[in-house]
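The values are calculated or read from the model by the stated rules, or taken from the named source; none is laboratory data. Only a predicted model underlies this, so the values are computations on that prediction, with no experimental measurement involved. Every residue, glycine among them, receives a Cβ derived from its backbone with ideal geometry; neighbour counts consider all protein chains shown.
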Amino acid sequence: MNSEKIMVVDGNSILNRAFYGLSKSAMLTTSEGIYTNAVFGFINILTKYLTEENPKYLCVAFDMKEPTFRHLEYDKYKAQRKGMPEELAVQVPIIKQVLDAMNIKRIETPGFEADDILGSISLCAEENGMEAILLTGDRDSLQLASETTRIKLPVTRGNKTETDEYDYQKVIEKYGVTPKMLIDVKGLMGDASDNIPGVPGVGEKTALDLIQKFHSIEELYENIDRVEKKGVREKLEANRELAFLSKRLATIVRQMPCITDLQQYARTDFDRERLYSIFKKLEFKTFIDRYGLGDVPIAEASEELDIEHVKVDTAGELESCIKAVEESKKMAVYYHVDPVDNRLDHLCIYACRQEYAPAVLEFTQEFAEGTAIAVLKDVLENAAIKKYGHDLKKFIKYCKARGIDVKGIEFDTMIGAYILEPTRNSYTISELAEENLKKSILPAEILYDKHGRMLQQGLEVNPATVCAACVSAIYQLTLKYVPIIEGNGQHELYYDIELPLVEVLADMELWGFKVDVEGLKAYSREMDLRLVILENEIYMLAGENFNINSPKQLGIILFEKLNLPAVKKTKTGYSTDAEVLEQLSQKHEIVDRILEYRSLMKLKSTYADGLLGILDPATCKIHSSFNQTVTATGRISSTEPNLQNIPIKLEMGRKIRKVFIPTDDNFLLLDADYSQIELRVLAHITGDANMISAFSNNEDIHTTTASKVFGIPVEQVTPLMRSRAKAVNFGIVYGIGDFSLSKDIGVTRKEAKKYIDDYLEKYSKVRDYMSETVAKGKEAGFVTTLFNRRRYLPELKASNFNVRSFGERVAMNTPIQGSAADIIKISMVKVYSELKKRKLKSRLILQVHDELIVETEKSELEEVSALLKQCMEQAVELKVPMTVEVKSGESWYETK
């Protein structure tokens, strides 16, 4: 066999996967409102596998709208399928245009499906001694696997996209039958997604057992008397015709005419001009860079970077550059870290005047970075000299670690871009320069070769030149962004909240949070013991041992052995995701054990074991990264580790907080937590008199709500009533519907609807707010927080009901959740500034949702407690009081 390969892509399957994979969050659209998430995802997936396989031949198969021979034989075939959502349908012709511009052959044949095209081409490849790779999201294609045909299935596990790959042997290992026998398995079990009936009452396990024994449906019926289970035998006998019909429907055709001239699928270069034009319209900057498209030929790309700059490699030369900065009173900074040894090798400063070229400090043995930073210290700490940069948090942290307190921060272009476009996926300086200044600096993803040299489209690029280009772009972007921010009324949001927060987060990251290592190890052992106990309880309730982490095995236990109702099915079997298990939690005690088991497994891997791998060995501290530009609502997120995601509903989850301790015995931890901040914001925004009265009189808002909704005196409210009122209170904030509320509180949809209706009748201004906010958002194209943070919502004009409903929920929630996020940020800035102003030893070290944690020197405890409470409660003035509870302890756990 020669080494030539052909890849055949199931176009509809991969396009659907891309669409639904990305549309769980906000729909991806261009500035003109063109939906692009499916197209973007399709190209991303295709590029990944082309890079992996590098086939000589390539084609993409699509279904057609016309009925196939299967529909003619069985009119119910796929009859239950809903029409394609309009947001996806409009992207089908776009992906076809892209494929044509990429010179990738498209195949569509009336009367046949894409599966048949995959089957016919892969058989032809086998007969010609070629290897075939079939890229699809449909496991029906596993019947095509052979010694020379591999099936690649992109699958999502957690937040990652991985690949399940099958050849002949892998199918046998997985299912215990040959690929061809899978047709017979499906003939027996049917396929709900394609409306293939199968034999009623015969599931996957039974079908596999039968075909493993009899090898085919034909042999099975010839030996029907050998089927041992009477019930199964009777079902088979009663549904013989359905079994053979289902097998015919499930069989992929492999002898299609006119498509097996493989030379027509040979890969050629793109129609680069046409592809660039399409990608420009779709605003796919990532792909323009990745494929080296653009107005400037690749060969000239590095020449465009060759901008004028001054190379500085002596202290004397640096002094002259500093004089230019002092004269200008402005200074843009950018630096480059060598990817091989993580060493700062270039620092660029720009005096922000046209007559000055950027100065690039190139660090060598003679001109060490320490020498340069020492010389720059006075300038960096001079508040009269305005500083501009991109992702300045990293630079501030770098300087703080060397005893330099950077002052005069004037603008951070990453934060500016985030304020203006809060739903972007990334904010690299190269992307922003390309889009706003029409300047090519670097691809969005900077590449390095094995020697650590920066590359652009395979050409070596001088880091000094790149730094100079970046620092120049920073100042030009500042000049562009400032008037837009001012015009949007976002001056306070940017200059009083987001920009000063950069330094706060830098300090928190640098200081870190100490972990009791021995306590962590003991906690891990305790979790191991609890997991063993849970495993044994689950096995006992199941009546057998099985792999709890296997959705397939778990599905068989729950839905076949224990006969629990199957809530949802996927192409691979029963769904056992969290939503399904939550719905089943009242049906059998095994379900709660499984939910706890899954939570503890995640807790153990992420925290009990995961923290040990990221501790600073010298200080035993973790240094989380606090992300300021990730969430569209304005909330801060944290990574490595994510301390905002600890599942504290479980006692074992809460106990992980015991291992977070002060730096040493001279300190305590203070935890300050806002009380019901989002509901207080809701009361302020809506101006609802009932809510305002409850908060102003320091009433328990959930008890008060229960009293009003159920029409009874406060003293007669039961804990169950209060719990349900609490669910409605917080559910309203997130635009909850009767279906979701009914699941949350365990009542019928009719009862849930009555709760919501009664709530909105008593809090009528909340009802008015909900409808007015959606209407205003639809008209303006965005909604805002109290501090003019914007969230753009093209979803509000979507024709698809689900997408539009998502937009409406976000429109109602963003002003509330976003305002609460703004308030906690204001508090952080105030607390940090006040601690610094008073020259206290106490440090702000963590923010989680609506709480702040300060590590306080014991002698400062009383002063810092009062300071913390005052700064948070007086962060902003609302129509209702904000209340904060402050607690101290020798661990994070003790403060809660």
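A few points about this structure:
- Subset of the range 249-274 that is hydrophobic (A, V, I, L, M, F, W, C) and either in contact with a Lys or Arg (Cβ under 6 Å, 6 or more places away or on another chain) or within 20 Å of Lys96 (Cα to Cα) (or both) - its residue that is surrounded by the fewest Cβ atoms within 10 Å (Cβ to Cβ): Ala266
- Test: Leu600 is surrounded by fewer than 20 Cβ atoms within 10 Å (Cβ to Cβ), under 30 Å from Gly519 (Cα atoms) and touching a Leu at 6+ places or on another chain (Cβ under 7 Å): no
- Of the residues Glu165, Glu147, Glu173, the single one that is part of a strand (DSSP E or B) and of a type outside the set (Gly, Ala, Ser) is Glu165.
- Checked against (1) surrounded by fewer than 15 Cβ atoms within 10 Å (Cβ to Cβ); (2) on the phi > 0 side of the Ramachandran plot, Ser277 passes all but condition (2).
- Taking every residue in the range 375-386 that is touching a residue at least 60 places away in the same chain (Cβ under 8 Å) and pairing it with any residue that is of a type in the set (Asp, Glu), at least 6 positions away or on another chain, the pairs with Cβ-Cβ distances below 9 Å are Val375/Glu319; Ile385/Glu326.
- Qualifying residue in the range 841-860 (condition: surrounded by fewer than 18 Cβ atoms within 10 Å (Cβ to Cβ), in contact with a Lys or Arg (Cβ under 6 Å, 6 or more places away or on another chain) and in the same structural domain as Thr633 (by TED's automatic domain parsing)): yes
- Enumeration of residues in the range 86-118 that are in contact (Cβ under 8 Å) with a residue 60 or more places away in the chain, farther than 22 Å from Lys280 by Cβ and among the small types (Gly, Ala, Ser): Ala114
- Against the list (1) in contact with a helix residue (DSSP H, G or I) (Cβ under 9 Å, 6 or more places away or on another chain); (2) in contact (Cβ under 8 Å) with a residue 40 or more places away in the chain; (3) surrounded by fewer than 18 Cβ atoms within 10 Å (Cβ to Cβ), the condition Lys174 fails is (2).
- Sole exception among (1) surrounded by 16 or more Cβ atoms within 10 Å (Cβ to Cβ); (2) within 27 Å of Asp507 (Cα to Cα) for Ser707, by number: (2)
- Hits in the range 119-145 (condition: out of contact with any strand residue (DSSP E or B) (no Cβ under 7 Å at 6 or more places or on another chain) and buried (at least 21 other Cβ atoms within 10 Å of the Cβ)): Gly119, Ser120, Asp140, Gln143
- For the range 608-626, a tally of residues being of a type outside the set (Val, Ile, Thr), part of a loop (DSSP other than H, G, I, E, B) and touching a Lys or Arg at 6+ places or on another chain (Cβ under 9 Å) returns 2.
- Condition check for Gly187: crowded, with 21+ Cβ neighbours inside 10 Å and in a helix (DSSP H, G or I): yes
- The set of residues from the range 473-489 being of a type in the set (Ser, Thr, Tyr) and closer than 22 Å to Arg791 by Cα comprises Thr478, Tyr481.
- Listed by position, the helices (runs of 4 or more DSSP H) inside the range 627-713 whose residues that are modelled with pLDDT of 90 or more and within 27 Å of the chain's Cα centre (by Cα) number at least 2 are 677-686.
- Taking (1) buried (at least 18 other Cβ atoms within 10 Å of the Cβ); (2) in a helix (DSSP H, G or I) in turn, Glu761 satisfies each apart from (1).
- Residue match in the range 823-840 (condition: over 34 Å from the mean Cα position of the chain (by Cα) and β-branched (Val, Ile, Thr)): no
- Residues considered: Tyr574, Tyr539. Of these, the only one that is surrounded by 15 or more Cβ atoms within 10 Å (Cβ to Cβ), of a type outside the set (A, V, I, L, M) and more than 22 Å from Val202 (Cβ to Cβ) is Tyr539.
- Residues located in the range 508-537, provided they are part of a helix (DSSP H, G or I) and farther than 30 Å from Asp592 by Cβ: Met508, Glu509, Leu510, Trp511, Val517, Glu518
- The one condition from (1) of a type in the set (D, E, K, R); (2) surrounded by fewer than 18 Cβ atoms within 10 Å (Cβ to Cβ); (3) at pLDDT below 90 that Glu772 does not meet is (3).
- Spans of strands (runs of 3 or more DSSP E) in the range 781-896 with at least 3 residues in contact (Cβ under 8 Å) with a residue 40 or more places away in the chain: 790-792, 843-848, 851-857, 884-889
- Given (1) of a type outside the set (Val, Ile, Thr); (2) more than 29 Å from the chain's Cα centre (by Cα); (3) assigned by TED's automatic domain parsing to the domain that holds Arg809; (4) farther than 16 Å from Met812 by Cβ, number of the condition Glu751 does not satisfy: (3)
- Residue list for the range 131-140, filter: at pLDDT 90 or above and not in a strand (DSSP E or B): Thr136
- Leu595 within 17 Å of Leu541 (Cα to Cα), in contact with a Lys or Arg (Cβ under 7 Å, 6 or more places away or on another chain) and modelled with pLDDT of 85 or more: no
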